[in-house]
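K.L.:
One structure, pasted below without further comment.
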Amino acid sequence: MQRVTITLDDALMDELQLGRPPTPWHVARDGFAETVSFLGLVTGTLAKVATDVMLLMQTEVGEAFEPFVPGRGSSSTMPQKRNPIACEFIVAATKIVRQQAGLMLDALAADPTARPIAGGTDLVVAARQGRKPLPESIVAVDRIAELAGHEVRDGSLVLGGLTSHAWLATAAEVRDRWTGLADASALVGSPATRSTGTLGGNLMNASPAADTTAPLVVFGAVVTLRAAGGAARSVAVADLATGPGRTVAVSGELLTEVVVPAVPPGAGSAYVRLEYRRAMEIAVVGAAALVVLDGDRVVDARLALTAVAPTIIRAPEAEASLAGASADRTTYRSAGRLAAAAARPIDDVRASAAYRSAMLEVVVARAASPLPPSEPARRTWAGGGEGSTDQGTVEGGAS
Ligand SMILES: Cc1cc2nc3c(=O)[nH]c(=O)nc-3n(C[C@H](O)[C@H](O)[C@H](O)COP(=O)(O)OP(=O)(O)OC[C@H]3O[C@@H](n4cnc5c(N)ncnc54)[C@H](O)[C@@H]3O)c2cc1C
């Protein structure tokens, strides 16, 4: 069938005087899979026929052990009967073919070059823009129901890998309790990107500018990577990316679930990024903060920085400076300076390293500080406050 199609294609291209498109590997592979399946089907049918013949003759199987007499045929009583030993051969041979066909199909399914695709807003867009070629084989995972759920379970937020940014940005429970994550998802691309793009895709794409990673790092979130056969392992989001576009996941592993632990009482969180325009933008720099307050003192703080190193990084010195300090402007600005010192930004077309460092100070200070009571509440501090994600940005030039 494949051959006929390719021949027809060739004829059509000749007729139209156009070039012949190359046959990609997956087209050839599908033809191969069809042939293997067909062989499996034929030999399976032969095995069935042979088994039936054997069953019909089972009372006379013993005849096969009679001494050979030239000219008599295979049966002393009914010379027209076929020898059941021949049936045994057919059954054995077809078993081998069927087993090999299964192995071959498994091998095709386990194509090591295959990559999952969820929303395609990174994979396909990068290919269309000529930044990265589309993988030879892609496996659509966007309709796997088991990856699509989201719920609060025992106080933790449990998110399927397919959870969309649109849902994260608007779900009341996320905005109220894991506000930094809602902030980040609300900033992703445009309404269309947020509806199509997924949390799993954002994490597995491993961009140093991915917006949801930093909040998940400060919340101590853990992902489940599941391999064929059901083997699963847990990896902290902080340890998932190993460099731009690289993760610890091996070929064939799917990110199935993200578990975000409950935030401690008195904690608030935010994600703030610097951008040059309000939509369809990626972070010049960004910061997520989880800060636990007791009155006017900071009890504990976690900070994660976006787009200032090959992966999203924590800022331990800045975090230590916040713990136990008075919750005021001076404390937050000083944490911003320490975070900037921990960053390793690069010069690129979007900003110089020096500009990124200077802006990081501002972004960290804003992410860590609770908004004054006069401003519309955006974060949850001391367990209260209404989520709103419309202020998580600093436009270019802010200081
Ligand atoms: C116009 C535009 C604006 C954007 N703006 C932003 C932005 O502001 N901030 C931001 O962070 N990103 C942004 N992005 C990038 C993108 O939208 C997000 O990273 C999105 O979350 C990717 O999800 P996806 O499902 O589309 O990923 P896909 O493109 O389907 O996949 C991305 C990568 O993850 C892998 N993958 C996907 N799902 C899984 C899974 N379950 N298990 C294992 N591997 C998986 C794929 O193999 C691929 O390598 C933007 C993209 C566009 C096109």
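K.L.:
Go through (1) small (Gly, Ala, Ser); (2) surrounded by 14 or more Cβ atoms within 10 Å (Cβ to Cβ); (3) part of a loop (DSSP other than H, G, I, E, B); (4) over 20 Å from the mean Cα position of the chain (by Cα) and name the single condition ALA340 misses.
P.N.:
(3)
K.L.:
Return the residue satisfying two criteria in turn: it lies in segment 177-222 and is within 9 Å of the ligand (Cβ to nearest atom) and among the β-branched types (Val, Ile, Thr), and of such residues it is nearest to GLU146 (Cα to Cα).
P.N.:
This residue is THR198.
K.L.:
Does at least one position in segment 317-338 carry a residue that is under 30 Å from VAL139 (Cβ atoms) and in the same structural domain as ALA214 (by TED's automatic domain parsing)?
P.N.:
First, pick out the residues of segment 317-338 that are under 30 Å from VAL139 (Cβ atoms): none.
No, there is no match, as no residue in segment 317-338 is under 30 Å from VAL139 (Cβ atoms) and in the same structural domain as ALA214 (by TED's automatic domain parsing).
K.L.:
Just to be sure, is ASP14 at pLDDT 75 or above and of a type in the set (D, E, K, R)?
P.N.:
yes
K.L.:
Of these, ALA227, ALA171, which one is within 13 Å of the chain's Cα centre (by Cα), surrounded by fewer than 24 Cβ atoms within 10 Å (Cβ to Cβ) and assigned by TED's automatic domain parsing to the domain that holds ALA270?
P.N.:
ALA227
K.L.:
Considering only residues that are assigned to a loop (DSSP other than H, G, I, E, B) and either near the ligand (Cβ under 6 Å from one of its atoms) or touching a strand residue (DSSP E or B) at 6+ places or on another chain (Cβ under 9 Å) (or both), look in segment 115-133 and name the one that is nearest to GLY252 (Cα to Cα).
P.N.:
Residues of segment 115-133 assigned to a loop (DSSP other than H, G, I, E, B): 118-122, 129-133.
From what's left, either near the ligand (Cβ under 6 Å from one of its atoms) or touching a strand residue (DSSP E or B) at 6+ places or on another chain (Cβ under 9 Å) (or both): 118-122.
Numbers: ALA118: 14, GLY119: 18, GLY120: 17, THR121: 20, ASP122: 19 Å.
Step by step, filter segment 115-133, then rank; the result is ALA118.
K.L.:
Scanning for something more than 20 Å from the chain's Cα centre (by Cα) and assigned by TED's automatic domain parsing to the domain that holds ALA307, does segment 189-209 turn up at least one residue?
P.N.:
Checked against the condition, which is being more than 20 Å from the chain's Cα centre (by Cα) and assigned by TED's automatic domain parsing to the domain that holds ALA307, segment 189-209 yields at least one hit.
K.L.:
Taking the condition surrounded by fewer than 20 Cβ atoms within 10 Å (Cβ to Cβ), touching a residue at least 24 places away in the same chain (Cβ under 8 Å), in the same structural domain as VAL272 (by TED's automatic domain parsing) and within 11 Å of the ligand (Cβ to nearest atom), does ILE138 pass?
P.N.:
Against the criterion (surrounded by fewer than 20 Cβ atoms within 10 Å (Cβ to Cβ), touching a residue at least 24 places away in the same chain (Cβ under 8 Å), in the same structural domain as VAL272 (by TED's automatic domain parsing) and within 11 Å of the ligand (Cβ to nearest atom)), ILE138 qualifies.
One line per residue, one yes/no per condition, for (1) loosely packed, with under 13 Cβ neighbours inside 10 Å; (2) within 12 Å of the ligand (Cβ to nearest atom); (3) hydroxyl-bearing (Ser, Thr, Tyr):
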| residue | (1), (2), (3) |
| --- | --- |
| VAL248 | no, yes, no |
| GLY252 | no, yes, no |
| GLU281 | no, yes, no |
| GLY286 | no, yes, no |
| VAL298 | no, no, no |
| LEU305 | no, no, no |
| PRO310 | no, no, no |
| PRO316 | no, no, no |
| SER326 | yes, no, yes |
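K.L.:
Please return the ranges of helices (runs of 4 or more DSSP H) entirely within segment 155-267 where 3 or more residues are closer than 28 Å to THR113 by Cβ and in contact with a Gly (Cβ under 7 Å, 6 or more places away or on another chain). Please lay out each step first, then the result.
P.N.:
Numbers: elements: 165-170, 172-177, 179-187, 191-196, 199-204, 213-218, 237-240.
Counting at least 3 such residues, we get 199-204.
The values are calculated or read from the model by the stated rules, or taken from the named source; none is laboratory data. Because the structure is a prediction, the values reported are computed rather than measured. Glycine also receives a Cβ, built like all others from the backbone with ideal geometry; neighbour counts cover every protein chain displayed.
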